[in-house]
Amino acid sequence: MSLKTIVLTCLAMTAFAANSIFCRFALGEGGMDAGIFALIRLVSGAIVLGILSGRHAFRQPVTDGDKPWAMPLMLALYALFFSYAYVNLSTGTGALILFCAVQTTMITAGVLAGERPGLVRILGMATALMGLIYLVSPGLSAPSPLGAFLMTLAGISWGIYSLLGKQVRNPIAATAFNFIWAVPLVIAPIFFLSGFTLPTNLDGSGFWAAILSGTLASGIGYVIWYAAIKGLSPGRAASVQLTVPVIAAVGGILFLAEPVSLRLFISSAVILSGVGLALVPKKRKNFTQKHKKI
């Protein structure tokens, strides 16, 4: 993995964690409806990306595949499930469930495509999933089943979106296109779930959190991720995203005064250990002879 890929990946993971923090803040202290948050997030992201990419934002992106319209759909589904899941989840717990689902989706796709992770990486992935199972297992501090289910669906959608992003040739224009066309896809579901009522709290802190989530953490963050993922295999791209829950959990504790959960702490430690194993490069056999006999 090159230094450029490492730097871009770190920036993208920080942006992803910021999304969880902004969402929890907007739905909690900001008093914003989950669907309206998702809509503002997509609209603001579409605006800033549209400005950056100009007329190219409205053109169907050039990809190495034949499913460019699947990306706006996956983005819309992710944004909806993500926002509604966070109504019942803490910042770190939601991020943990999200990116475990992402990992499972992307690694499964990699295996189906012929990627062979190796014994150590399989052990790492299994360890990470054991951490998730412990987190959501029944108990006094287990998360909401509905919230966990919705966040799992968000993770599957995001995993597919990330895989499709590897085929994109122009990250900025493609991300702008995805955001622009995701907006009309979410309007009807949002207003149906909101009881067809117009939002009234569009001038408070929740509104600005949604704006920052859409412009910086989502719009710019996704462009960075598109650039980073080109240097990552599906398995590694999935594994590195499991660092996001820890960043998000720390942010939730520092900025949102969320309590420190022993269950979250233990599951995070187990999952990060699994990620470390999953990122260990496979040993390659060296068939080159150092000394050739004449």
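The values are calculated or read from the model by the stated rules, or taken from the named source; none is laboratory data. All values derive from a computational prediction rather than experimental measurement. Backbone-built Cβ (ideal geometry, glycine too); neighbour counts: all protein chains shown.
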Output the residue which, of all residues in the range 107-118 that are on the phi < 0 side of the Ramachandran plot and modelled with pLDDT under 80, is farthest from the chain's Cα centre (by Cα).
R116
For the range 246-261 the number of residues that are on the phi > 0 side of the Ramachandran plot and aromatic (F, W, Y) is 0
Check on I160, within 22 Å of G276 (Cβ to Cβ), of a type in the set (A, V, I, L, M) and either assigned to a helix (DSSP H, G or I) or at pLDDT below 80 (or both):
no
Here are some conditions: (1) over 30 Å from I47 (Cβ atoms); (2) at pLDDT 80 or above; (3) crowded, with 18+ Cβ neighbours inside 10 Å. I271 meets all but one. Which one does it not meet?
(2)
Could you check the range 10-34 and list, in sequence order, the residues that are in a loop (DSSP other than H, G, I, E, B) and modelled with pLDDT of 90 or more?
none
Odd one out for V48 among (1) at pLDDT 85 or above; (2) touching a Lys or Arg at 6+ places or on another chain (Cβ under 9 Å):
(2)
Output the number of the condition that Y86 fails; it satisfies all remaining conditions of (1) at pLDDT 80 or above; (2) out of contact with any Cys (no Cβ under 7 Å at 6 or more places or on another chain).
(2)
Need pairs with beta-carbon distance below 7 Å; first residue of a type in the set (V, I, T) and within the range 113-138, second at pLDDT 75 or above; sequence gap 6+ or separate chains.
V120/L277; T127/V270; T127/S273; T127/G274; T127/L277; V136/I97; V136/P143; V136/A148
Quick test of your reading of the structure: V260 fulfils all but one of (1) modelled with pLDDT of 80 or more; (2) assigned to a loop (DSSP other than H, G, I, E, B); (3) hydrophobic (A, V, I, L, M, F, W, C). Name the failing condition by number.
(1)
Need pairs with beta-carbon distance below 7 Å; first residue under 9 Å from F99 (Cα atoms) and within the range 238-251, second assigned to a helix (DSSP H, G or I) and at pLDDT below 75; sequence gap 6+ or separate chains.
S239/V275; S239/A278; L242/V275; T243/V275
